[in-house]
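*Asks:* Mind having a look at this structure? Questions to follow.
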Amino acid sequence: MLGDAARAKVEAAIEALEKRTDAEVTVAIAPSSGSYRSVDHAGGAILAALVLTALLMGHFHGRSVPEEWIPPLTALAYVVGAAAARGSWARRLLTRAGTRSRQVREAARIAFVDAGTGATRKRDGVLVYISLLERAVLVVPDLGVEGKLEGASWQAISRELALAVSGPDLEAALLRAIEKTGEKLALALPRTGSGARETPRRLVVLA
Amino acid sequence: MSIRDPGVIARIEAAVAAAEEKTSAEVVVAIARSSGGYRDADLLAGAIASLAALSLIVYSPHFDVRHGLVLPIAAVVFLAATALSSRLPGVRRLLTTSARRRRQVVLAAKLAFFEERVAATRDRLAVLLYVSLEEGEVEILSDTGLDARVPRETWRAVTERAFGSGAPLEEAVVAGINEIGRALAPLVPKTVEDRDELPNRPRIR
């Protein structure tokens, strides 16, 4: 997802941000926030139903494959349909936006626990979670930062970042997300000077 | 008797209060119906059943079905098997691997840890006992304050003693809470200034 050079740049951006705010920012990036396995089967079922219909219609008109070929061909259509549904585009087409945003919210919270963002003493951890398939950016703040990022201006920023994440330049989108989050955090929780970083990793790339 | 019955809930709540008598740690119990969407298993069951029906119609000499009825029959069998699978846990169990079910339970436990605010205690001395009914699995997650004072093996031993015995689930949950209290009492003893920071009532998810 990200080359070594891009990772280094993102980590450097987060390090620079730490000079302006007490919040401990971690960026997590995931290819997707759920397996969406049922989409495979939905795709398979749709194609199998279409192929079966076509084969049966052919039979009515006397020009179709021998009858005994129908079950294996239908099964094959299912497999092909399931494989076709694996692409990001099909995944987005065959799921509801509400389902995807719930997946993103849950996966972000799990990443927050896994990355140790919620384990800092001063509870000033902030996870910026980015999920590519869903084209979503979500910020999960710990108790000490809660309520300081939300609001109308933040919603506009979120929308802008989500748009950037769906574009081709992932590195630029990440740097922009860090910059925008940083601007807000520098105002809400300005650097007071003391305290080293407690969370081990600045950038977490999820499989 | 179901674990979600008011009587059982009250017993669990009382067990949590009793365990917290002996330790300044907080015990949080969360009970989930299921830890993941297993819709794909339901759809797979539907696909297998309708392929079987289709094969029966085509290959068996005992079935003579008009062509026009083949598609409706396949569709009805698909929908019926999908609905049946979502109501019978045995089917989903057959069509998913135990490793996947385990993974789902661990992820859902972490989500419950976040959403039930287990990390909100002052000294970070809280432990979550997460019970997932459909998978019949439990997971114990502790906050950082406890991690520093309680060896990790403790939780595995507690899980094995309480849930490895094959006792009915509500008995196992109460036993698990008692075991957690017993394990924490010497390591994180009760202090005078200890307050009850998190509700004792189990969270139904």
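*Asks:* At a 1.4 Å probe, what is the % contribution of carbon and sulfur to the accessible area of the stretch A:119-206? All intermediate terms of the calculation are to be shown ahead of the outcome.
*Replies:* Numbers: 2300 of 4210 Å².
Exposed carbon and sulfur together represent 55 percent of the surface.
*Asks:* Then there's this: Alpha carbons only, please: Rg and Dmax for the stretch A:37-93, in angstrom.
*Replies:* 12.8, 39
*Asks:* By how many degrees, between 0 and 90 and to the nearest 10, does the Cα long axis of helix A:97-114 differ from the longest principal axis of chain A?
*Replies:* Roughly 50 degrees between the two axes.
*Asks:* Continuing with the same structure: Mind pulling the angle between the C-alpha long axis of helix B:39-59 and the longest principal axis of chain B? Nearest 10 degrees, somewhere in 0 to 90.
*Replies:* 20
*Asks:* Can you tell me the equivalent ellipsoid semi-axes for the stretch B:39-95? Use √(5λ) from the Cα gyration tensor, largest first, whole Å. It would help to have the intermediate numbers written out before the result.
*Replies:* On the way: eigenvalues 117, 24, 11 Å².
Values for the stretch B:39-95, descending: 24, 11, 7 Å.
*Asks:* Let me ask something else. Determine the relative contact order of the stretch B:39-95: mean sequence separation of Cα pairs under 8 Å and six or more apart, normalised by residue count, in whole percent.
*Replies:* Working: 49 pairs, mean separation 30.8, N = 57.
Computed value for the stretch B:39-95: 54 percent relative contact order.
*Asks:* Sticking with this one: Taking chain B as the reference, fit the longest principal axis to its C-alpha atoms, fit the long axis of helix B:6-21 to the helix C-alpha atoms, and give the angle between the two in degrees, 0 to 90, nearest 10.
*Replies:* 30
*Asks:* Would you mind pulling out the separation of the Cα centroids of the stretch A:94-128 and the stretch B:93-139, in Å?
*Replies:* Result: 15 Å between the Cα centres.
*Asks:* Assign unit charges at the C-beta atoms only (+1 for Lys and Arg, -1 for Asp and Glu), then state the dipole size of the protein assembly as shown relative to its Cα centre in Debye, rounded to the nearest 20.
*Replies:* Values: 54 positive and 48 negative charges, 126 e Å.
Its charge dipole is roughly 600 debye.
*Asks:* Then there's this: Quick one: Debye curve from the alpha-carbon atoms of chain B only, equal weights, vacuum; give me log10 I(q)/I(0) at q = 0.08, 0.14, 0.16 Å⁻¹ to two decimals.
*Replies:* -0.38, -0.81, -0.98
*Asks:* With every protein chain present, what is the per residue accessible area of the stretch A:37-93 (1.4 Å probe, Å²)?
*Replies:* Details: 3150 Å² over 57 residues.
I get 55 Å² per residue for the stretch A:37-93.
*Asks:* Using a 1.4 Å probe on the protein chains only, how many percent of the accessible area of chain B belongs to carbon and sulfur? Please report the intermediate quantities before stating the final value.
*Replies:* Details: 5960 of 10150 Å².
That share works out to 59 percent.
*Asks:* Treating only the Cβ atoms of Lys and Arg (+1) and Asp and Glu (-1) as charged, compute the dipole magnitude of chain A about its Cα centre; round to the nearest 20 debye. Could you put the intermediate results ahead of the total?
*Replies:* Working: 27 positive and 22 negative charges, 60 e Å.
Approximately 280 debye in magnitude.
*Asks:* While we're on this one: Please compute how much accessible surface disappears when A pairs with B, both sides summed, using a 1.4 Å probe, and round it to the nearest 100 Å².
*Replies:* Numbers: alone 11470 and 11470 Å², together 20320 Å².
Roughly 2600 Å² of accessible surface disappears when A and B pair.
*Asks:* Now for a separate question. Measure off 7 Å from each Cα along the Cα-to-Cβ vector at residue A:101 and residue B:87, then give the distance between these two points in nanometres to one decimal.
*Replies:* 3.3
*Asks:* Further, regarding this structure: Rounded to the nearest 10 Å², what accessible area does residue B:197 have for a 1.4 Å probe in the complete protein model?
*Replies:* 60
*Asks:* For the stretch A:37-93, with the dipole built from +1 on Lys and Arg beta-carbon atoms and -1 on Asp and Glu ones, taken about the Cα centre, which of A:85, A:53, A:65 lies farthest toward the positive end?
*Replies:* Positive-end residue among those listed: A:85.
*Asks:* If I take every Cα pair under 8 Å that is 6 or more residues apart in chain B, average their sequence separation and divide by the length, what percent do I get for the relative contact order?
*Replies:* On the way: 280 pairs, mean separation 80.4, N = 205.
Computed value for chain B: 39 percent relative contact order.
The values are calculated or read from the model by the stated rules, or taken from the named source; none is laboratory data. A quick note: this is a predicted structure, and the numbers were derived from the prediction, not measured. Using ideal geometry, Cβ is built from the backbone for each residue, glycine included, and neighbour counts are taken over all protein chains shown. These accessible areas exclude ligands, DNA and RNA; they are computed on the full protein's heavy atoms, side chains included. Shrake-Rupley method; radii C 1.70, N 1.55, O 1.52, S 1.80 Å.
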